1. Which number in (1) more than 18 Å from residue 188 (Cα to Cα); (2) crowded, with 22+ Cβ neighbours inside 10 Å marks the one condition that residue 150 misses?
2. From the set of residues in region 104-140 that are within 21 Å of the chain's Cα centre (by Cα) and over 16 Å from residue 60 (Cβ atoms), which is surrounded by the most Cβ atoms within 10 Å (Cβ to Cβ)?
3. Take region 188-211 and flag every residue that is out of contact with any helix residue (DSSP H, G or I) (no Cβ under 6 Å at 6 or more places or on another chain), more than 12 Å from residue 176 (Cβ to Cβ) and at pLDDT 95 or above.
4. Please go through region 36-82 and give me each residue that is over 17 Å from the mean Cα position of the chain (by Cα) and in a strand (DSSP E or B), ordered by number.
5. List every residue pair whose Cβ atoms sit under 8 Å apart, with the two residues 6 or more apart in sequence or on different chains, where the first one lies in region 86-111 and is on the phi > 0 side of the Ramachandran plot and in a helix (DSSP H, G or I) and the second, anywhere, is surrounded by fewer than 13 Cβ atoms within 10 Å (Cβ to Cβ) and at pLDDT below 80.
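The values are calculated or read from the model by the stated rules, or taken from the named source; none is laboratory data. None of the values given here were measured: they were computed from a predicted structure. Using ideal geometry, Cβ is built from the backbone for each residue, glycine included, and neighbour counts are taken over all protein chains shown.
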């Protein structure tokens, strides 16, 4: 059942407003919200106990309603977590600058031609991380002010953004990264500062991410507890059982 009434929760000068809600058969409550210009979705478990929070972002700024992300979010919420995803600046359906659109068009042309694309990725993804990280921190502040959501906080998904948040946001205490997205040079340099427990998922035959680059990144992370799961297959072939393993990873560090 959908409810189109709105409910406000203030965070500084930007109110968090729930715009719709749906209760699923597994008890998970799914609520869409806006936080100023930031659109997002929050999934919470059916139990009344305070739930640890997982921030979930799709690789390189794809929409927060992307079906694979939604499936992972609902699965995690059914197992006792509050899960949130947003379209931060430059991501999903948020407005993009003319330079961003030009870079995306050039990237599509380069990939079709089979030409090297690292510098285009750098010019596109690097600024996207810089713009997105503040929106995610604003969202984190608002969500932790809600009843029924408690720390500690985990992060799951887009590696480049996750590195930046893990380095700058001390409330994040564990992170699961997907190695399938381009990681700009700035975040590769920051990787040594990531010291929280870490789970990195790697698709061995990812057509868009050379495996050696992912292995080098894993080696660069500075924490003492880091785990690499590598599976055969291409970019979108991550086995579903990794979702269950990811929940167990967060169970160890957030509950």
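1. (2)
2. First, pick out the residues of region 104-140 that are within 21 Å of the chain's Cα centre (by Cα): 104, 121-140.
Filter once more, keeping what is over 16 Å from residue 60 (Cβ atoms): 134, 137-140.
Numbers: 134: 12, 137: 17, 138: 19, 139: 24, 140: 22.
Filtering first and then ranking leaves 139.
3. Across region 188-211, the qualifying residues are 188, 189, 195.
4. Here is the first cut: in region 36-82, the residues over 17 Å from the mean Cα position of the chain (by Cα) are 36-37, 45-51, 78-80.
Across region 36-82, the qualifying residue is only 51.
5. No pair meets every condition.
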